[in-house]
Each structure stands twice: as C-alpha cells, then as structure tokens.
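In what follows, a single structure is set out as structure tokens and then discussed.
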Amino acid sequence: MSIPTQRAVIATTVGGPEVLQYRTEHPVPEPQEGQVLVKNAFSGINFIDTYFRTGLYPSPKPEILGREASGVIVGLGPGTGESGLNVGDRVVWLGTSGYAEYTAVPAARTIRIPSGVTDEVAVASFMSGLTALTLTQEAYDVKPGDCILLHAAAGSVGYLMTQILKSKGATVIGTVGGPEKVTLVKNLGADHVIDYRSEEGKDWPGIVDEITGGRGVDAVFDSVGKSTWEGSIASVKRKGVIVWFGNASGPIPPLLLSRLSPKCIKIARPTLFGYIATRDEFQHYSSELFQLLSSGELKVSIQKVYPLDKASQAHQDLESRKTVGKLLLKGDIL
C-alpha cells in the first residue's frame, strides 16, 4: 500500500530529551527484502532508547528511536513468503524506528500476538520480558533455592524479572528507590526489598551481607551500572555470578580482572539480541512469554501511555527514575 507521509519522532542529534522532534510529514518507509510494514498501535519506551539518544551507544543521526512496537501488518516486502506473516496480522516486533506510525521491520523479528494478549500488554512485556527470560535462563540459570540480588526491581525489566525469579523458586533481594516502590516489589513476591535512597538503605551491600549471613548472593542482575557495580561485587558470593545488562546510572569504568580473583567471580555482559539471534530462538522465548501472559502467571505494569508528540516528556519521566513498570507511545492520535 502507498502511504506518503506519517507522524514520527526524530532524534535530530545526540543530547537530552529536547533533541526529540515531532514531525507530521515524515516519509513512510517502503518494506525492503525480508521486511514487513507495520502500522504501529503502541511503541515501547526502553532505557536503551536513551543510550542511543545521548550517544552512549553510537548511532547515525538523525534517527527514529524505538526498538519495539505492536500493531498490524499493512504491507509485505519481497522475500517474506516463507515467514507465514500476512497483511492484517496483529503482531509485535523488535527492530528500530518504533517512534512512528509506520515501521518497516524484519519479518524474522516479527511475531503474531495470540488472541488472549492485547496490543498494549504484548509490547509492554516484549523486550523486557524476553530480556528477563533469557537472562535468568542463559546468562545465569536460576535454580530453586538460589538467592538473587536484583537491582531496579521496579523497572520495566525488574518488574517482570521479580515475578520470574519467584516462579523459579529463588529468594529475591530487590533494590529500589522510594517507599512506594518498596511496597510494589514486595507485592510482586520479593523476599527482601531495600530502598537505597533511605538512610538505612544507603549501605545496601551491608544489608545484603546481613540477609545472607555473610555468604553473599548466588547471582546479581545489575542494570544500573556505574552507581552499583562495586556493591554488586561486594554482595556476590564466592564463585558467584554478576550479570551486568544496563547502564541506567552510567557505564561502569574499566574493570581490572584482578577485582574478580579473591572470590573467583564470574561476570557476564549480555545483550538480548545475542540470545535470540536465530528465528527458532526468537520464537522459543516469545512463545514462553506469551504462555506466561495468557495464563496470568506474569503480570504487566503499564504506568502511562503518551501520544507521539510527548515522546520528549516520556524520556524525561523515564530518566527521573520515578516511573514504575512500562511507558508506551501510542501510534494513533489519542
């Protein structure tokens, strides 16, 4: 189908949220080899978007941010016949350029949404849920009885990972910022929740040491980075594992490997796309996520849905660390 222009949000250069410019007559992409054209209903906002906006993760500018969205297929590019996807399918996808009404995305990273899952829930859980599932199975395979330290336990990944960790039989120690988040994460089933902003919680490694009787945790899942990495090393047990998967407070500085020697610590710095590189892997984890959502075992929190022209405000809210769960952009006019 031919659609001349669309509404989209463009990151004109690197910088703060103010570099996100709303456009009403941006060209609609033509799906290329192996791509489908999706009319986006909702686009997910993730912390990784701020990394590309600020230049922490280099990318050409200007660009349309956004790594995931849900919507309806409105066009098929060449070479998509074996994908099983059709015009009219309701889908969720991973790719680039989600802050727009229309996106051309790889068919290999696009999957139908089952009837029991809404567009909002699909995209609110997709990248975050796949991240939580792959990290807890592949970066560190969580087992019943494990004691796990989870930073940012009220964030979009942490909210889902807390539930997944408990379903695996782990003892969960979560760190959050603020008493409201403490209550929220406790209600998700976490065994211990530390408010690092409180006077007592400032020494959260000491609290972890007390909780574990000096043993330390079996694994740490740390998406915060700069402000938590030293405490994560202090909190993990001898022969434990630290999984660093984000930089919410900034990247950790260059790490001397000798820091790991005293406790024989293993570290991982994975990315979701390394775990879903093949279509089979993508389908496997997507199916597992949809099953958890359809059964009600996994609850999703959507804090706010913004119109496209408020993407800058959404980034401000996300970086304020005051949000809980997921923020979305709505493709259609509110």
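Here are the numbers for the structure shown:
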{"read-out": "Answer from 31, 17 - the residue that is at pLDDT 95 or above and touching a His at 6+ places or on another chain (Cβ under 6 Å)", "value": "17"}
{"read-out": "From the options 50, 24, residue that is surrounded by 18 or more Cβ atoms within 10 Å (Cβ to Cβ), among the polar types (S, T, N, Q) and assigned by TED's automatic domain parsing to the domain that holds residue 78", "value": "50"}
{"read-out": "Looking only at the stretch 20-36, and only at residues there that are among the hydrophobic types (A, V, I, L, M, F, W, C) and under 26 Å from residue 131 (Cβ atoms), the one that is farthest from the chain's Cα centre (by Cα)", "value": "36"}
{"read-out": "Subset of the stretch 58-116 (residues that are of a type in the set (S, T, N, Q) and either outside the structural domain of residue 282 (by TED's automatic domain parsing) or not in a strand (DSSP E or B) (or both))", "value": "59, 80, 83, 86, 96, 97, 115"}
{"read-out": "From 304, 322, 263, 299, residue being touching a strand residue (DSSP E or B) at 6+ places or on another chain (Cβ under 6 Å), in a loop (DSSP other than H, G, I, E, B) and either under 22 Å from residue 154 (Cα atoms) or assigned by TED's automatic domain parsing to the domain that holds residue 219 (or both)", "value": "263"}
{"read-out": "Residues of the stretch 154-183 that turn out to be in contact (Cβ under 8 Å) with a residue 60 or more places away in the chain, aliphatic (A, V, I, L, M) and either in a helix (DSSP H, G or I) or more than 21 Å from residue 231 (Cα to Cα) (or both), as a count", "value": "4"}
{"read-out": "Members of the stretch 111-135 found to be surrounded by fewer than 23 Cβ atoms within 10 Å (Cβ to Cβ), of a type in the set (S, T, N, Q) and under 17 Å from the mean Cα position of the chain (by Cα), listed by number", "value": "134"}
{"read-out": "In the stretch 53-81, residue surrounded by the most Cβ atoms within 10 Å (Cβ to Cβ) [restricted to those that are aliphatic (A, V, I, L, M) and modelled with pLDDT of 95 or more]", "value": "69"}
{"read-out": "All positions within the stretch 185-200 that are more than 19 Å from residue 224 (Cα to Cα) and within 22 Å of the chain's Cα centre (by Cα)", "value": "186, 187, 188, 189"}
{"read-out": "Selection count where residues are in contact with an Asp or Glu (Cβ under 9 Å, 6 or more places away or on another chain), surrounded by fewer than 20 Cβ atoms within 10 Å (Cβ to Cβ) and closer than 21 Å to residue 135 by Cβ, scope the stretch 288-322", "value": "1"}
{"read-out": "Residue that is farthest from residue 19 (Cα to Cα), among those in the stretch 261-296 that are of a type in the set (Asp, Glu) and within 19 Å of the chain's Cα centre (by Cα)", "value": "288"}
{"read-out": "Qualifying residues in the stretch 1-21 (those that are in contact with a strand residue (DSSP E or B) (Cβ under 8 Å, 6 or more places away or on another chain) and assigned to a loop (DSSP other than H, G, I, E, B)) - the one surrounded by the most Cβ atoms within 10 Å (Cβ to Cβ)", "value": "3"}
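Listed here are the residues, each with its yes/no results for (1) closer than 15 Å to residue 44 by Cα; (2) touching a Ser or Thr at 6+ places or on another chain (Cβ under 7 Å); (3) at pLDDT 95 or above; (4) not small (Gly, Ala, Ser).
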{"position": "126", "(1), (2), (3), (4)": "yes, no, yes, yes"}
{"position": "132", "(1), (2), (3), (4)": "no, no, yes, no"}
{"position": "143", "(1), (2), (3), (4)": "no, no, yes, yes"}
{"position": "150", "(1), (2), (3), (4)": "no, yes, yes, yes"}
{"position": "163", "(1), (2), (3), (4)": "no, no, yes, yes"}
{"position": "167", "(1), (2), (3), (4)": "no, no, yes, no"}
{"position": "173", "(1), (2), (3), (4)": "no, no, yes, yes"}
{"position": "176", "(1), (2), (3), (4)": "no, no, yes, yes"}
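The values are calculated or read from the model by the stated rules, or taken from the named source; none is laboratory data. Only a predicted model underlies this, so the values are computations on that prediction, with no experimental measurement involved. Positions of Cβ are backbone-derived with ideal geometry, glycine not excepted, and every protein chain shown enters the neighbour counts.
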